[in-house]
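Undergrad: Structure incoming, see below.
The values are calculated or read from the model by the stated rules, or taken from the named source; none is laboratory data. Bear in mind the structure is a predicted one, so any value in this text is a computation, not a measurement. Cβ: placed from backbone, ideal geometry, glycine included. Neighbour counts: every protein chain shown. For accessibility, only protein heavy atoms count, side chains too; no ligands or nucleic acids. Shrake-Rupley method; radii C 1.70, N 1.55, O 1.52, S 1.80 Å.
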Amino acid sequence: MARRADPTPGHQRLLGLAAVAALSVATALAFGRVFTGRQATLELVAAALASVAIAALFERRGLLLATIASLVGLAFAITWIVLPQTAWYGLPSIQTLRAVGRSLEFVGQQARVRVAPTPALPPLMLAAVTAVWTAAFSSHALAIRAGSPLLAILPPIALVGFADTVLEDGARPFYAIMLLAAALAVVFADGLRRVRQWGPVWSGSRTRRLGSSVRGSRPVAFAVIAAAVLVPGLLPGFRSGPLVDFSTAGDEGAGLDPFISIHAQLTDDAPVRNLFEVVTSDPQYWRLLSLDEFDGDEWRSSDPVGSKDGQTVTVPTGPLPQPQRYVPPSDTTTEPFTFRILTDGFDNGHALPMVQTPEQITAGDLGDVTWDPYRGQAFVDGGLDAGLEYGIVSRVVVPTAEQLDQVIDLSAAQYGQWTALPETLDPRIGQIADEWTKNAVSDYDKVLAIQQHFHSNGFAYTTDVDVADDADALLNFLTQTKAGFCQQYATAMAVLVRELGLPARIAVGYQAGTPQDDGTYLVQSKDAHAWVEVFFEGYGWLPFEPTPGHGTHPNAEPGTYLNPVESSTNADGTTTNPDDPNNVGGGGGAECVAAANLSPRERQLLCQVENRPQREPGQFVPLPSVGATGTSDGSGYSVPYRLIFLGLLLALGVLLIVVPIVKSAWRRRLLRRSREPRDHVLAAYRVFDGEAADLGFGRRDGETLDEHRARLAAAIAFTDGHLGRLTTQAIRAAYAADAPTPEEARSAVEDAHGAIRELRKDAGLIRRIVGTYRPGV
């Protein structure tokens, strides 16, 4: 009888599938290191396993159909893992598609400014889930469909290599061992498939297995893994610097050179560095330099190192000398701030991070400090060294709008230095200042009107702009482009305020930073920022934040001069400003929901991706936490992960119990339903064939009963002739004209049970357990 090509046995297919799954899991674990915390890594592992599962389900279908099914699975994975708030009852929606589109716009930007490990923000998680899913599907297609194990290893290696490139966490042998072991398993599974084409490989006898016939194979495999992990450490140059460094961290200083350096720290591939941390319960903007001169093209400091107006003070010392006419408000108090420098020389100008109105340096091995009371900046000889710690006592003044409305005559002669503008400045800029403030009554109203105008009227935050210094750059920004980052907005607002004859300057430094678990605020180079300060008699230099969509100033609480609109109480107990829901001192925008443990920039990005409104710390509403039943905030569906996991776990437990019972009951029913002796003999053989298939010895396509008996007899030493008698009776029942007698039928059942017992005895415990759950009866 003609026979078809020998198909791959079930256990061999499972071996290949398990090898590919192990390779995908190892890849997800190693790649997940680019994110902080364990949740992102576990989500990537789940995505990898889901991708392999879908690929396995469609393994025998066409590649096009399998690819389409994988894309559908990827859409669900992105929805559930990355953008669950956009789903409609767990299904991808139009809102999900739009959120994916917005995420794609931010992927490149975030990849440039983020340093690994990074928070699992939606754009980065979108890229990571897609990469891991695609790598897992590709590995399965190359290893199982194409039979190319070496090519199947390349996508995982590329992902893990990327993680090793952007991380500087030292040698990680655990991940190397996992990846190499999984890769060898894929190669072994494919090699076994090729060897099997020459003849049977797996034998039921314990003395005739492949592992014992190829002596020394296991020690060789272990030796290869050990060599791959240990030998690199013995080679010259191990742990040396790379010839070409693509990493996101480095040892060079992160200088802040107004303004070009701000742009570089926000947009370049330069590393994001931890610069300093501040111990305080009242986060502020941390000022380094004050820029008081504008030449028509750029802002600069008239005394960049304090050599002209600076005074030398010794630390610790008494109160810092203050400028003339400085009278602190009677209703304000001073607050302590402790700074710890984390990076050597992060500021090339030796400027000391300060707070709004510093009055005393209380501690720290600073030596002589040059203090410039007019610009509120201090300089340390020799620069800043990592480990340096010092204290500042500062007066943080946050008046109300009503208090500033009473301040008049800001353009007095003594403020001339802070109101000067070049005569060559385009007169249309002055016209813009008058137009934007035409409805303002007090000088404070004028300043606030300019700030509010930048928060609406088509202005947008972006770092994807060229830093221009030509004469028309400012006018083009105000009237045409209306897009930029803090440099453009600070420059424009300071010039517009001075056009009104009011004292203004630009402060260069850093935003408050990211709150840490120990109560400190971590400031990184990505927090580099520039803002505007305006002088008000009796209150000193007060900060204003013109940059839209870039977080708010920490002092912009409802009712303050930065946010003068009174808050209203909602039904749920939250407060919202009807004319300023963003709490940035201006109208427009929408109330935004964001996670509490993200920085302002991260909150803004999250809300932009999800197209959700934003509310800053102090007024934010956290993203709905996923509890036992899941929650919904009205704009989307929160996936109940815990319920899904418990449901899957329960379903798995039921299957583990039900499958063996169902298979056994079906086979018993098959014997009971066969009334005639001929049917009883054939049913007995069918039950035997099903048990044999569970153990990997089922009858092959095109194989006769006698050929099946001969193959089993060659692999397993049957006793008492059970298999031979059963086969003879089955052939007679199937083809002979005379039907078997009832006694022969009962004897065939007994022979089937005897042959099954011998099969199971030789197979071993593991194969019996696995065979119990083989699909089919």
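Undergrad: Which of the numbered conditions does Thr772 fail, given that it passes all the others? Conditions: (1) touching a Pro at 6+ places or on another chain (Cβ under 6 Å); (2) crowded, with 18+ Cβ neighbours inside 10 Å.
TA: Evaluating Thr772 over (1) touching a Pro at 6+ places or on another chain (Cβ under 6 Å); (2) crowded, with 18+ Cβ neighbours inside 10 Å leaves (2) as the failure.
Undergrad: Give me a count of the residues in region 14-72 that are over 30 Å from Ile766 (Cα atoms), of a type in the set (Gly, Ala, Ser) and part of a helix (DSSP H, G or I).
TA: 6
Undergrad: While we're here: Which one of the conditions (1) open to solvent by less than 40 Å² (accessible area, probe 1.4 Å); (2) closer than 23 Å to Gly771 by Cα does Ala733 fail to meet, given that it meets all the rest?
TA: Among (1) open to solvent by less than 40 Å² (accessible area, probe 1.4 Å); (2) closer than 23 Å to Gly771 by Cα, Ala733 violates only (2).
Undergrad: Could you grab the pairs with beta carbons closer than 8 Å, sequence gap of 6+ or different chains, first residue in region 531-559 and on the phi > 0 side of the Ramachandran plot and in contact (Cβ under 8 Å) with a residue 60 or more places away in the chain, second one among the hydroxyl-bearing types (Ser, Thr, Tyr) and part of a loop (DSSP other than H, G, I, E, B)?
TA: Taking only residues 6 or more apart or on different chains, the pairs are Gly540/Tyr326; Gly540/Thr357; Gly551/Ser599; Gly559/Ser567.
Undergrad: Test of understanding: among Thr362, Thr334, which residue is touching a Ser or Thr at 6+ places or on another chain (Cβ under 8 Å), modelled with pLDDT of 75 or more and among the hydroxyl-bearing types (Ser, Thr, Tyr)?
TA: Numbers: Thr362 fails: touching a Ser or Thr at 6+ places or on another chain (Cβ under 8 Å).
Selected residue: Thr334, the only one of Thr362, Thr334 that is touching a Ser or Thr at 6+ places or on another chain (Cβ under 8 Å), modelled with pLDDT of 75 or more and among the hydroxyl-bearing types (Ser, Thr, Tyr).
Undergrad: Could you please find all residues in region 703-753 being over 18 Å from Val687 (Cα atoms) and among the hydroxyl-bearing types (Ser, Thr, Tyr)?
TA: Thr719, Tyr735, Thr741 - these are the residues of region 703-753 that are over 18 Å from Val687 (Cα atoms) and among the hydroxyl-bearing types (Ser, Thr, Tyr).
Undergrad: Suppose we filter Ala46, Ala5, Ala56 for residues that are more than 27 Å from Gly191 (Cβ to Cβ) and either loosely packed, with under 15 Cβ neighbours inside 10 Å or at pLDDT 90 or above (or both); which single one remains? Talk me through it step by step, then tell me what you get.
TA: Working: Ala5 fails: more than 27 Å from Gly191 (Cβ to Cβ); Ala56 fails: more than 27 Å from Gly191 (Cβ to Cβ).
That would be Ala46, the only listed residue that is more than 27 Å from Gly191 (Cβ to Cβ) and either loosely packed, with under 15 Cβ neighbours inside 10 Å or at pLDDT 90 or above (or both).
Undergrad: Got a sec? Which strands (runs of 3 or more DSSP E) wholly within region 512-555 have at least 3 residues that are open to solvent by less than 10 Å² (accessible area, probe 1.4 Å) and within 16 Å of Leu404 (Cα to Cα)?
TA: Fully inside region 512-555 and qualifying: 528-536, 540-544.
Undergrad: Only residues that are modelled with pLDDT of 85 or more and either open to solvent by less than 30 Å² (accessible area, probe 1.4 Å) or in contact with a Pro (Cβ under 7 Å, 6 or more places away or on another chain) (or both): list them for region 389-414, please.
TA: Hits for region 389-414 are Tyr390, Gly391, Ile392, Val393, Ser394, Arg395, Val396, Val397, Pro399, Ala401, Leu404.
Undergrad: Given the conditions (1) surrounded by 20 or more Cβ atoms within 10 Å (Cβ to Cβ); (2) without any contact (Cβ under 8 Å) to a residue 24 or more places away in the chain, report the number of the one that Asp689 does not fulfil.
TA: Among (1) surrounded by 20 or more Cβ atoms within 10 Å (Cβ to Cβ); (2) without any contact (Cβ under 8 Å) to a residue 24 or more places away in the chain, the lone unmet condition for Asp689 is (1).
Undergrad: How many of the residues making up region 537-555 are out of contact with any Asp or Glu (no Cβ under 8 Å at 6 or more places or on another chain) and within 22 Å of His455 (Cβ to Cβ)?
TA: Residues meeting the conditions: 7.
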